[in-house]
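To start, the structure under review is shown below, and the notes come after it.
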Amino acid sequence: MSGEQILCVDDDPAVRKLIERVLDDGGHRCMTAADVEEARQMLASNDYGVVLCDIGLPGESGLDLLAELAHRPAVATVMVTGRDDPDTADLALELGAYGYLTKPFGPNELLINVAGAIRRRRLDDARAAQLERAYASVAASEAELRRAYAETVARLNRAMEFHDGETGEHVERVGESAHALARELGLDDVFAQRLRLASPLHDIGKIAMGEAILRKPGPLTDAERRAVERHTEVGHELLGGSGNELLELAATVALTHHERWDGTGYPRGLAGEEIPLAGRIVAVADVFDALTSHRPYRAAWSAADAYDHIVRESGRTFDPAVVAALGRLRGEPAA
């Protein structure tokens, strides 16, 4: 067994001297302190593998020091007491003690308890390292999944470009805008990042629509409009049901980004907060970018005109909170 640097905390000089001699003879390097405050000072300036601490110290209790050392996993603490009290022993173990000794004890009992504490600490260190490696592996796997998802989205978007002529830049901008709006609304970055990745698939259901309708330069007939409106449900069917959080979010966005705040949207006529927040955010991001982009049936609007339109539709088509977030991002004066 390789020796450890050990701190013995006891108010009895004779006990300190005895423990120091036994531990030194056992191949360790023992230093001593008479109370908790002195122990703190020594812990601040030295590294110890084990702290052997009496519970009944003058002033602060050894249990106070034990509670502080619970936040230092590199230190294994063995508590010592002159009373055989099961409740105190249980409390010490709950606070993180690696061992518990009752006075009087012999040299072998002391060395065995210290050796057991060292072994337990090393096992804990090994488990912590193993968990850290596992977390790193999971993080790497998640990063690879995100890359694969992004690549899949890019390829699906290319298929959409061939099908309806809409550029991939539009869906990428919608994703970036949705992310910015989510963060401006105070949503956490995990959700905002997922929304950035999910949003570009909002119109994936159009892949089932006829090109003649999608590329038609003039107004749609009622029948054609009903056919186009089906793309929300088709997109949901394509993306939903996998159990994957990103794809499920993308399915929700595909289904709900044409719902309206006043309940007159499609496909389900949801109103207000019945509409999932992701769908409300993407509705604003999608319309703003669509209005400022050239389409076969109209020229691109200016950003100012597009914003004014969205403001006029706040409380009817769009969630007022999302519209307000867009205004803040644009630096518009508060309404």
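Can you give the FRET efficiency for residue 85 and residue 188, using 1/(1 + (r/R0)^6), R0 = 45 Å, r = Cβ-Cβ distance, to the nearest 0.05? About 0.45, to the nearest 0.05.
Could you tell me how many degrees, from 0 to 90 and to the nearest 10, lie between the Cα long axis of helix 245-256 and the main elongation axis, the longest principal axis, of the Cα atoms of the chain? Helix 245-256 and the main axis of the chain meet at about 30 degrees. Accessible surface for segment 55-207, divided over its residues, is 55 Å² per residue with a 1.4 Å probe. Straight-line cross-link partners of residue 103 among the lysines, defined as a Cα under 29 Å from its Cα and at least 8 positions apart when in the same chain: 17. The mean sequence distance of close C-alpha pairs (under 8 Å, at least 6 residues apart), as a share of the length of the chain, puts its relative contact order at 10 percent.
If we count every other residue with Cβ under 11 angstrom of residue 180's Cβ, Lys/Arg +1 and Asp/Glu -1, where does the sum land? Summing Lys/Arg as +1 and Asp/Glu as -1 gives +3.
With θ taken as phi - 60° and the Karplus curve 6.51 cos²θ - 1.76 cosθ + 1.60 applied, the whole-hertz 3J(HN,Hα) list for segment 96-103 is x, 5, 8, x, 8, 10, 10, 6 Hz, x standing for glycine and proline.
Which of the listed residues, 6, 139, 238, is farthest toward the dipole's positive end in the chain, when Lys, Arg count +1 and Asp, Glu count -1 at the beta-carbon? Positive-most Cα among the choices belongs to 238. The amide H of residue 76, built 1.01 Å from its N in the peptide plane, has 50, 51 as neighbours under 5 Å, considering only residues 5 or more places off or on other chains.
Amide H contacts of residue 101: 79, 80, 81, each under 5 Å away and 5 or more positions distant or on a separate chain (H built 1.01 Å from N in the peptide plane; Pro and chain starts excluded). Of the chymotrypsin sites (Phe, Trp or Tyr not before Pro) in segment 272-335, the ones in a loop by DSSP (not H, G, I, E or B) with at most 14 other beta carbons within 10 Å are 297. Ligands, DNA and RNA left out, the 1.4 Å accessible surface of segment 17-125 is 52% carbon and sulfur atoms. From helices alone, the chain scores -18500 deg cm²/dmol at 222 nm; the rule is -39500 (n - 2.57) for each run of n ≥ 4 DSSP H residues, then divide by the residue total. Residues in segment 268-321 average 47 Å² of solvent-accessible surface per residue, probe 1.4 Å, ligands and nucleic acids excluded.
For segment 177-197, the residues whose amide N sits under 17 Å from a probe point set 7 Å from the Cα of residue 244 along the beta carbon direction are 193-197.
Given the alternatives (i) 25.3; (ii) 17.3; (iii) 20.9, mean projected area of the Cα convex hull in nm² as computed for this entry is given by (i).
The values are calculated or read from the model by the stated rules, or taken from the named source; none is laboratory data. Fair warning: this is a prediction, and the values are worked out from it, not measured in the lab. Here Cβ is always computed from backbone atoms with ideal geometry, including for glycine, and neighbour counts include all displayed protein chains. These accessible areas exclude ligands, DNA and RNA; they are computed on the full protein's heavy atoms, side chains included. Shrake-Rupley method; radii C 1.70, N 1.55, O 1.52, S 1.80 Å.
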